[in-house]
Every structure is written in C-alpha cells, then in structure tokens.
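Since the structure comes first, as structure tokens, the remarks are kept for the end.
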Amino acid sequence: HLLTVRNTRRSLSDMGYKFPKRNLTPVSIGDSMEVELFYEKLNQYLSYQCFSIEEVLFPNRKISIGFVRVSYQQRVASSLFSCKRSLERRLEKVNYIKNSLKQYLKNLSIINPWNADDDDLDEMLGDGIDDTTSINLSNIDIKALRQAIALESTTLTPLIKSVSALLDESKDLKIKESIKLAKQCLNNRDKVLLFSRYTDTIEALLNEFRIEGLHRFYSYGIYTGNQSCIVNNGDETKKKKNDLK
C-alpha cells in the first residue's frame, strides 16, 4: 500500500492537471412496443424462473443468485443480439443439466454448473458446462429438479423465438443508432471508438457496420478477449493491444 497512489479528479486539478473538456451528448432511443413487451416477458423470466434449477441443486450454497441475476440483466440489456446469445446459452445449459439428470438416474452424476471463478460470473448462464466437478444428487429433490428444468425450458424457447423475430425485423435500434452516429463522425473525418462490455454486442456492431458497407471505405480494429486485429480492405492483420491503441 505504500507504493499505491489514488487520485481523484479534484486532487489532480489541485496539482495543476488540466482535464480536457468532455462533450457528452446522450441519445435517447424509443424502442417499439414489440421490443418493450419482449423485455417485460424477459424480466418476468429473470425474476421468477431463471436460476430455479440452481436453487434446487444448491440450496445451501452461499453464492448470491441475486448478484448473478443482476449481471445477467446487464448482459441481455446490452443488445438484442447479446440477449439472444445469452438465452441460447442458458437453454443449452438447461438441456445439458436435463440430460445429466437422465444419466444420473442411470447411476451417473451431474456436472456442477456453479464451478466458476468470481471473474466468470457474467458467463455463468452459458459457459462453464464443461466443468468436471461432480456432485451427488442423492440428497436432491428429483421431482423439484425436474419441475425447475421443465419450467425454464418451456419459458426460454418462446423467448428465443421472439428475440430472433425482432432481430430479423431489424428492431435492435441501439445497434443501428450506434453505427449511425459512428458514420456521422467518420464523415467528419473523426476517429471513432465503439465499445461494449460484451463481445456479443461487439459482434452485432461489426455486423451492422458491414451491412452499412462501411468496411469498404474504412480500416478498423477489433479488440476482444479472443480477437485482436486490424482489418484493411478485407485483409485481417493480427495486432497487439498497444498497436491497436
């Protein structure tokens, strides 16, 4: 702690540092009634059905399901594409647990879906299904577990169908507006940085960027956990993070 210095904006200003002026222009996006109704149904699922399986599997686990649920709400609100991918991963996980239960009833065990580090909380609904930590289901209420699996499965399927239809109808206004604003900046010869906490949303932004045909006129860089490159005239060149910056 002797080597750590934490400064606030006020303390830095007192030392003479001049902060550049930030021109923030919030953009309000009015979603269609279809999108609003979808998110209402999605919120019902997140509030009442989601994680019901884990609550049966780990009734005494101290991990806060509420905390993970909030993290998931942030993910599905990032973009409709991110929402769809997250729901698809969750359904894949539900089906995985369902199949594992069938195997358990044939004297096999089930994979522990909670075996994740704190840094992986955002991924707990979709990733981690390859974990190898087994648990004993002998003390689990099998009937309650079956009901929870059926409840989530029957709720997720129509939600995925609905969000897929919204994407087919180009209803993701947040993505479209982001690329529209980026295009205006590019036309003014400004440099543009689009960022998101979630790689699914980055993928959606890139897809819209290409649909608008902007990739034919501008070089661009991509940096995610899995990808770090610059694309110029369709040619992709791997680069380190500092090179991209």
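Output yes when any residue across the stretch 11-26 is assigned to a helix (DSSP H, G or I) and among the aliphatic types (A, V, I, L, M), and no when none is. So far as the stretch 11-26 goes, yes, one or more of its residues are assigned to a helix (DSSP H, G or I) and among the aliphatic types (A, V, I, L, M). Selection within the stretch 192-204: residues that are under 22 Å from the mean Cα position of the chain (by Cα) and without any contact (Cβ under 8 Å) to a residue 40 or more places away in the chain. The member of this set that is least open to solvent (accessible area, probe 1.4 Å) is ILE202. The residues in the stretch 209-245 that are touching a strand residue (DSSP E or B) at 6+ places or on another chain (Cβ under 7 Å) and among the β-branched types (Val, Ile, Thr) can be counted, and the count is 4.
Give the residues of the stretch 49-78 that are open to solvent by 70 Å² or more (accessible area, probe 1.4 Å) and under 20 Å from the mean Cα position of the chain (by Cα), sorted by residue number. Once the filter is applied, which keeps residues that are open to solvent by 70 Å² or more (accessible area, probe 1.4 Å) and under 20 Å from the mean Cα position of the chain (by Cα), the stretch 49-78 yields PHE67, VAL70, GLN74.
Considering the stretch 51-104, and only residues there that are part of a loop (DSSP other than H, G, I, E, B) and in contact (Cβ under 8 Å) with a residue 40 or more places away in the chain, the residue that is nearest to ASN207 (Cα to Cα) turns out to be SER79. Selection of the stretch 9-39 for residues being loosely packed, with under 10 Cβ neighbours inside 10 Å and of a type in the set (D, E, K, R) yields ARG9, ARG10, LYS18, LYS21, ARG22. Regarding SER109, is this residue open to solvent by less than 60 Å² (accessible area, probe 1.4 Å) and modelled with pLDDT of 75 or more? So SER109 fails the test. One residue stands out in the stretch 130-143 among those that are open to solvent by 30 Å² or more (accessible area, probe 1.4 Å) and either part of a helix (DSSP H, G or I) or of a type in the set (A, V, I, L, M) (or both): the one that is modelled with the lowest pLDDT, namely ILE135.
Take SER164 and decide whether it is open to solvent by less than 60 Å² (accessible area, probe 1.4 Å), of a type in the set (S, T, N, Q) and either touching an Asp or Glu at 6+ places or on another chain (Cβ under 6 Å) or assigned to a loop (DSSP other than H, G, I, E, B) (or both).
Working: open to solvent by less than 60 Å² (accessible area, probe 1.4 Å): yes; of a type in the set (S, T, N, Q): yes; either touching an Asp or Glu at 6+ places or on another chain (Cβ under 6 Å) or assigned to a loop (DSSP other than H, G, I, E, B) (or both): no.
No; evaluated as a whole, the condition is false for this residue.
For ARG189, the conditions (1) loosely packed, with under 12 Cβ neighbours inside 10 Å; (2) part of a helix (DSSP H, G or I) all hold with the exception of (2).
The values are calculated or read from the model by the stated rules, or taken from the named source; none is laboratory data. Since this is a predicted model, take the numbers as computed values, not measurements. Glycine gets a Cβ as well: all are built from the backbone with ideal geometry, and neighbour counts include every protein chain shown. Accessible surface is based on the protein model in full, side chains and every heavy atom, while ligands, DNA and RNA are left aside. Shrake-Rupley method; radii C 1.70, N 1.55, O 1.52, S 1.80 Å.
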